[in-house]
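*Asks:* Sharing a structure, written as structure tokens. Questions coming.
Where a number appears in this text, it was derived from the coordinates with a stated rule and is not lab data. This structure is a prediction, so every number in the text was calculated from the model and none was measured. Here the Cβ positions follow ideal geometry from the backbone for every residue, glycine too, while neighbour counts run over all protein chains shown.
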Amino acid sequence: MSCLNRLEDLDDQALQSSVNSPQTPQLLTSASVGNDIKGNETDCDCACSNTPFAIAIINPQDTSFSALPDTYTIPLRQGYQLAFSPFAPAGPSVLNPAAWQRYQIFHQKPQPLKETIDHELAQQNLLVPTGHQPQIQPASPDQLTAWLHVTNACNLDCPYCYVRKSSAHMSLETGLNAIENLFAAAHRQNFSQLKLKYAGGEATLHFSLIQRLHERAMELAQKTGLALREVVLSNGVALTPAMVNWFEATQVRLMISLDGLGAVHDRQRPNKGGGTSFSQVMHTLEKLIQPRQIDLHLSVTVTGASAPYLSELVQWILSHDWPFSLNFYRQTPLSADHKELELEESAMIAGMQAAYRVIEQAIEQPTAPSLLSRSLVNGLLDKVQSQAHTHTCGVGQTYAVITHTGQIAQCQMQLNQPVSDDLDSYQLLPALAHGPIQNLSVQEKSECQTCTYRYRCTGGCPVETFRVTGRWDVKSPNCAIYKTLYPELLRLEGLRLLKFHGC
Ligand code: SF4
Ligand code: SF4
């Protein structure tokens, strides 16, 4: 069997792999395909993890290597196998039959690294020096992320919302002050980029404020040399053609929440009178956005109530070829009475599995959607990511929430529990580090220590774990869901790699 080369699509590393003959051991990795940072980064109404770590470089003096026992493997098709080491830098690897055969030799007996494929397997930490585990070395995060809470107002009345609604909104003075201090803090701490999330409530209800803050942020980015990334979080209900033109002109990312088709969306995202918002969101997506070049991302909140219908939504999104993420509902004090939203384990697993089957069918289509150019292990299972990391999110380290009054909170779920009233750039990060949320490293969560997926899941959202268990140092209450679904996502990623390489 051989891979059909898609030379026009492949970068150097992928090309190197694909031109080998079928008898040559061949390794396909997620790192070689779908590595575009902007296109590959998913968005949700949460803080992204940005505390990467490096894995110690193999010592060339080591003479004996073995297969890492703690590795997940699964056959794909036509003799191709997927292998995923907990210490893989990014995503799983796909081995062709010759590579798999070579890999098996290291299972039987420790060997020195002799062939090219041996070194490639070692780079993915599938082979490690005999008797040793790869060492984790903390690396400096490069991005400061800030949630700018533009307004408490909203035109919808979603049962899972964590915002206590009011007409209060951020003043221009507070917004400008926040942006200036965020740039100063990022610059002082040697971050190379700042990401601003304009959110609420419904941020587009104060669109001129967003525009003014964006202009100032652009000026400061130019002045400081910091890379700037921005996203507006919206329910998609009240966007006008003029607003959408602005998104096209600025290429500021637009994230729209879409939880289902028709009544499924309306039950989770009703307007204030309890009526439909779905038809307005559809109008925005299909009439205003689709004809334009917008950096759009759809964020799907999956609840116990919507999980059974998730596959229909995913099918619809894939037919429009839009990037999306699947995020799990988290209970808030405001949503506690809505028992139907709770994540019943078997319903969640069944709903997500049905959605993954739809994605698998899309991968196998002759004209697969642009989904093929992005890693599937990012954004399709709540906070689980493909890149190895130690903390579920940036809370306490690289994430700031600025309330509409200019106070600082650790997480948007704790808008009413600010940790400081002082926006001063010197105080910003220390205040965030000493707030009540203990965002521990996965290495401090005892139950996660032997989990193969520990550096992708990292134990789940700390606020949710503490809400359910009263502890910060234990595994997520959604652990069984993650453990069941992550291997399935790895398999999907393996199929994507095969398809991309024409195998
Ligand atoms: S919460 Fe569960 S799946 Fe996640 S790292 Fe911990 S043990 Fe693994
Ligand atoms: S603590 Fe939880 S809800 Fe808050 S940013 Fe982190 S993952 Fe998201």
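*Asks:* Given the convex hull over the Cα atoms of the stretch 334-478, what projected area results after averaging over all orientations, in nm²?
*Replies:* If you wrap the Cα atoms of the stretch 334-478 in a convex hull and average its projections, you get 11.4 nm².
*Asks:* Ordered by packing density, taken as the mean number of other Cβ atoms within 10 Å over each peptide's residues, highest first, how do 349-357, 289-297, 198-206 rank? Kindly include the intermediate steps, with their values, before the conclusion.
*Replies:* Working: 349-357: 19.1, 289-297: 16.3, 198-206: 23.9.
In decreasing order of mean packing, 349-357, 289-297, 198-206 become 198-206, 349-357, 289-297.
*Asks:* Moving on to the next point. May I ask you to compute the full-extension gain from residue 444 to residue 104, defined as 0.36 nm times their residue separation minus their alpha-carbon distance, rounded to one decimal in nm?
*Replies:* 119.1 nm
*Asks:* Please express the Cα-Cα pair-distance distribution P(r) of the stretch 244-365 as a list of whole percents, one per 5 Å bin, running from 0 to the bin with the greatest distance.
*Replies:* It works out to 2, 11, 19, 22, 19, 15, 9, 4, 1, in whole percents.
*Asks:* With 21 Å as the cut-off, how large is the P(r) tail for the stretch 167-304, expressed as percent of Cα-Cα pairs?
*Replies:* 47 percent
*Asks:* Now for a separate question. With viscosity set to 1.002 mPa s at 20 °C, what whole-number translational diffusion coefficient in µm²/s follows for the stretch 133-218 from Stokes-Einstein and a Kirkwood radius over Cα pairs?
*Replies:* Details: Rh = 14.6 Å.
The diffusion coefficient I find is 147 µm²/s.
*Asks:* Right, here's the next one. Relative to the longest principal axis of the chain, what angle (0 to 90°, nearest 10) does the C-alpha long axis of helix 241-250 take?
*Replies:* 50 degrees
*Asks:* Another question, then. Cα-based Rg (one decimal) and Dmax (whole number) for the chain, in Å?
*Replies:* When restricted to Cα atoms, the chain yields Rg and Dmax of 23.0, 70 Å.
*Asks:* Check cross-link reach from residue 287 to the lysines: straight Cα distance under 27 Å, and skip same-chain residues fewer than eight apart.
*Replies:* 38, 197, 272
*Asks:* Sum -39500 (n - 2.57) across every DSSP H segment of at least 4 residues in the chain, then divide by the residue count to get the 222 nm mean residue ellipticity, nearest 500.
*Replies:* Values: 15 runs with 161 residues, N = 503.
Calculated from helices alone, the mean residue ellipticity at 222 nm is -9500 deg cm²/dmol.
*Asks:* Shifting gears a bit: Cα axis of helix 310-320 to longest principal axis of the chain: angle in degrees, 0 to 90, nearest 10?
*Replies:* Tilt of helix 310-320: around 90 degrees.
*Asks:* Using Cα-Cα distances under 8 Å and only pairs 6 or more residues apart, what relative contact order does the chain have, in percent? Before the final figure, lay out each step's value.
*Replies:* Working: 1013 pairs, mean separation 93.1, N = 503.
Relative contact order comes out at 19 percent.
*Asks:* What does DSSP give for the chain in terms of the percent of beta bridges that are antiparallel, rounded to the nearest 5?
*Replies:* Bridges in the chain that DSSP calls antiparallel: roughly 45 percent.
*Asks:* Taking a cut-off of 28 Å between Cα atoms, list the lysines near residue 475, but don't count ones fewer than 8 places away on the same chain.
*Replies:* Here the lysines satisfying the reach criterion relative to residue 475 are 339, 383, 445, 483.
*Asks:* Setting aside same-chain residues fewer than 8 positions from residue 499, which aspartates and glutamates have a Cα under 14 Å from its Cα?
*Replies:* 9, 360, 364
*Asks:* Continuing with the same structure: Per Stokes-Einstein, at 4 °C and 1.567 mPa s, what whole-number D in µm² s⁻¹ belongs to the stretch 57-174, with the Kirkwood radius over Cα pairs as the hydrodynamic radius? Provide the component values of the computation, followed by the final result.
*Replies:* Values: Rh = 18.2 Å.
Answer from the Stokes-Einstein relation: 71 µm²/s.
*Asks:* So how tilted is helix 479-500 from the main axis of the chain? Cα-based, degrees 0 to 90, rounded to 10.
*Replies:* 70 degrees
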